[in-house]
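Below is one structure, written out as structure tokens; the observations come after it.
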Amino acid sequence: MVHISSGVSALACAVVMGKRKGYGVDLMAPHNLTLTILGAALLWFGWFGFNGGSALTSGALATSAFVVTHIATAAAALSWMFVEWSHRGKPTALGVVSGAVAGLVAITPGSGFVGPMSSIFIGLVAGGLCYIAVNMKARLGYDDSLDVVGVHGVGGTWGALATGLFASKLINPAGSDGLFYGNAIQPAIQAASILTAWIYSFAVTWIILKVLDAVMGLRASEEDEAQGLDLSQHGETGYIL
């Protein structure tokens, strides 16, 4: 649920704080694609410890979590790439790494409960679904510069639902079977948990932001925002060109 909470909290932040100055008019593309790819690669590698390490032992379950994490991430990267290719006419490196992160997010809830074949499907759906969600933000009118809502919120929601479909005691005897393994109630349990996480995360984040806004304010001034927060808040810039 950590990804759902982060995605929904990001949505609350976007709603309360509003759009950046020039959003929808000025070009706001990622400023360093090389570092973006490097960061995604580090995430992919580090996620093995995140999911595999959750078993708290170096055994069969940790190995299974390691494998399905890798498979789902690769599947999601390919899925995002092909959906973007079909939609925009060209694949992009940014799309591939965004899909990879979506796959990492989606497989996390079920990494200790699903098998390799299920992880392929989870990843494929995550890549396409998160691509659609990210592209919906313009229509819905919120400004999410890091696509946390579309990747983490939507990807985490799908991953939690998918766990209720594909979980198997053959993978983890301590868990529960999902719908496709004979447990028809598990998807409802997952859905109730997801709904609770959405409501709680949005409501609590909204309250925290409103309190902070009343006490100290949330937005930089228009002058500081136009100058750039690196300079206005820190007195330095990342690049001297």
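The values are calculated or read from the model by the stated rules, or taken from the named source; none is laboratory data. Predicted, not measured: the structure shown is a model, and the values here were computed from it. Don't worry about glycine lacking a Cβ; one is built from the backbone with ideal geometry, like all the others, and counts go over all protein chains shown.
The number of residues in region 42-81 that are surrounded by fewer than 17 Cβ atoms within 10 Å (Cβ to Cβ), under 30 Å from N135 (Cβ atoms) and in contact (Cβ under 8 Å) with a residue 24 or more places away in the chain comes to 2. On inspection, A133 qualifies as of a type outside the set (V, I, T), surrounded by 14 or more Cβ atoms within 10 Å (Cβ to Cβ) and under 30 Å from G22 (Cα atoms). Against the test of being in a helix (DSSP H, G or I) and closer than 22 Å to M1 by Cα, the options F121, F82 yield a single qualifying residue, F121.
Please specify each residue of region 100-123 satisfying the condition of being over 30 Å from G24 (Cα atoms) and of a type in the set (A, V, I, L, M, F, W, C). Break it down into steps so the answer makes sense when it comes.
Taking region 100-123 first, the residues over 30 Å from G24 (Cα atoms) are 107-123.
Passing the criteria: I107, F113, V114, M117, I120, F121, I122.
For region 103-118, how many residues meet the condition of being surrounded by 24 or more Cβ atoms within 10 Å (Cβ to Cβ) and closer than 18 Å to H3 by Cβ? Before the answer, list the steps.
Just the residues of region 103-118 that are surrounded by 24 or more Cβ atoms within 10 Å (Cβ to Cβ), to begin with: 103-111, 113-114, 118.
Remaining after also requiring closer than 18 Å to H3 by Cβ: 103-111, 113-114.
Within region 103-118, residues that are surrounded by 24 or more Cβ atoms within 10 Å (Cβ to Cβ) and closer than 18 Å to H3 by Cβ number 11.
Working only within region 1-41, note down all residues that are surrounded by 19 or more Cβ atoms within 10 Å (Cβ to Cβ), farther than 24 Å from G217 by Cα and touching a Phe, Trp or Tyr at 6+ places or on another chain (Cβ under 9 Å). Residue satisfying the conditions is I4 alone.
Reported count of residues in region 86-117, each being part of a helix (DSSP H, G or I) and over 18 Å from the mean Cα position of the chain (by Cα), is 5.
Comparison of S58, S118 shows that the only residue that is hydroxyl-bearing (S, T, Y) and at pLDDT 95 or above is S118.
Scan region 82-112 for residues that are touching a Pro at 6+ places or on another chain (Cβ under 7 Å) and without any contact (Cβ under 8 Å) to a residue 24 or more places away in the chain and the total you get is 1.
Listed by position, the helices (runs of 4 or more DSSP H) enclosed by region 149-241 that each have at least 2 residues that are touching a residue at least 40 places away in the same chain (Cβ under 8 Å) and in contact with a His (Cβ under 8 Å, 6 or more places away or on another chain) are 154-166.
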